[in-house]
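Working notes, structure below.
The values are calculated or read from the model by the stated rules, or taken from the named source; none is laboratory data. This is a predicted model, so every value here is computed, not measured. All Cβ positions, even for glycine, are placed from backbone atoms using ideal geometry, and neighbour counts span all protein chains on display.
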Amino acid sequence: MTTHETSAAPLGLRERKKRKTRERIRHEAYRLFAAHGYEATTVDQIADAAEVSPSTFFRYFPSKEDVVLQDEYDPALAEALRARPADEPFVDAVIATLKGPVGAMLQRDREELLLRTRISFTDPAMRARHVAEQQRSENEIAAVLAERTGRDPADLEIKCAAAAVIAVFTTLVRHWVEGDGREDLAELYERHLPLLSRGLGF
């Protein structure tokens, strides 16, 4: 889940302009993807629609794939988790963040999230990159979990716990997309993440 600020510190003028440019590029890219398809849309078309040069596009996104794969959710989730009480069970902390500011972000980005997730699940080249992004997400969750427990992020139990959380995230998002986003994604998280804290008690 790198573009939206989640801290209370105000951004300077330059950073605000950069954020607006990144968001405009992303917005126009998704508009074109929806209208013409991901494969048929070129970087030049995205840059033209966003009123930037192709070189400016590449300063914000190394490739067209990165428009789909880069997002702000992992940093926002990590920051929100770090703000939760240290003695709160981890799954409860995750659910609380997803019902709060991170859930609001997901709701705000609903249509773009649906489109980008469909692309990442169905485009062959994107699927390969998606695996690497999933590993990055696991590492971010492992880092937060290690901080909360005083353990090493390389600890195998920490890594397995982080992998389990991300696996549930991925499964729920896929289910949500297959249902055309009709269900509330935050509610899906709240309903099914407790499976982890129950220890898969089937």
If you check THR149 against the conditions, is it over 24 Å from GLU183 (Cα atoms) and in the same structural domain as ARG19 (by TED's automatic domain parsing)?
-> no
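The rows are residues; the columns are (1) part of a helix (DSSP H, G or I); (2) surrounded by fewer than 15 Cβ atoms within 10 Å (Cβ to Cβ).
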site	(1), (2)
ARG136	yes, yes
GLU140	yes, no
ALA146	yes, no
PRO153	no, no
ALA162	yes, no
VAL168	yes, no
ARG174	yes, yes
Where a residue in segment 13-32 is outside the structural domain of SER55 (by TED's automatic domain parsing) and its partner, wherever it lies, is not in a helix (DSSP H, G or I), with Cβ under 7 Å and at least six apart | none
Among the residues of segment 36-43, is any of a type outside the set (Lys, Arg), out of contact with any Pro (no Cβ under 8 Å at 6 or more places or on another chain), assigned by TED's automatic domain parsing to the domain that holds ALA161 and under 27 Å from GLY181 (Cα atoms)?
-> no
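Looking only at segment 96-108, which residues are modelled with pLDDT under 90 and either buried (at least 18 other Cβ atoms within 10 Å of the Cβ) or over 14 Å from the mean Cα position of the chain (by Cα) (or both)?
Within segment 96-108, LEU98, LYS99, GLY100, VAL102, GLY103, MET105, LEU106 meet the criteria.
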Kindly provide the set of residues from segment 48-89 that are among the polar types (S, T, N, Q) and more than 22 Å from ASN139 (Cβ to Cβ), ordered by number.
-> SER53, SER55, THR56
Pick from segment 31-52 the residues that are more than 25 Å from ARG110 (Cβ to Cβ) and not aliphatic (A, V, I, L, M): which of them is surrounded by the most Cβ atoms within 10 Å (Cβ to Cβ)?
-> ASP48
Would you check which residues across segment 1-16 are surrounded by fewer than 13 Cβ atoms within 10 Å (Cβ to Cβ) and either at pLDDT 90 or above or of a type in the set (A, V, I, L, M) (or both) and list them?
-> ALA8, ALA9, LEU11, LEU13
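From the list ALA86, ALA93, ALA35, ALA76, which one is modelled with pLDDT under 90, out of contact with any strand residue (DSSP E or B) (no Cβ under 9 Å at 6 or more places or on another chain), among the small types (Gly, Ala, Ser) and part of a helix (DSSP H, G or I)? Before the answer, list the steps.
Values: ALA86 fails: part of a helix (DSSP H, G or I); ALA93 fails: modelled with pLDDT under 90; ALA35 fails: modelled with pLDDT under 90.
Within the list ALA86, ALA93, ALA35, ALA76, the selection yields ALA76.
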Would you call THR21 modelled with pLDDT of 90 or more and not aliphatic (A, V, I, L, M)?
-> yes
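Being outside any helix (DSSP H, G or I) and either touching a strand residue (DSSP E or B) at 6+ places or on another chain (Cβ under 9 Å) or surrounded by fewer than 19 Cβ atoms within 10 Å (Cβ to Cβ) (or both) is the filter here, so list the residues in segment 53-69 that pass it. If you could, list the steps in order and put the result at the bottom.
Quick first cut of segment 53-69, residues outside any helix (DSSP H, G or I) only: 53, 61-63.
Of everything in segment 53-69, those that are outside any helix (DSSP H, G or I) and either touching a strand residue (DSSP E or B) at 6+ places or on another chain (Cβ under 9 Å) or surrounded by fewer than 19 Cβ atoms within 10 Å (Cβ to Cβ) (or both) turn out to be SER53, PRO62, SER63.
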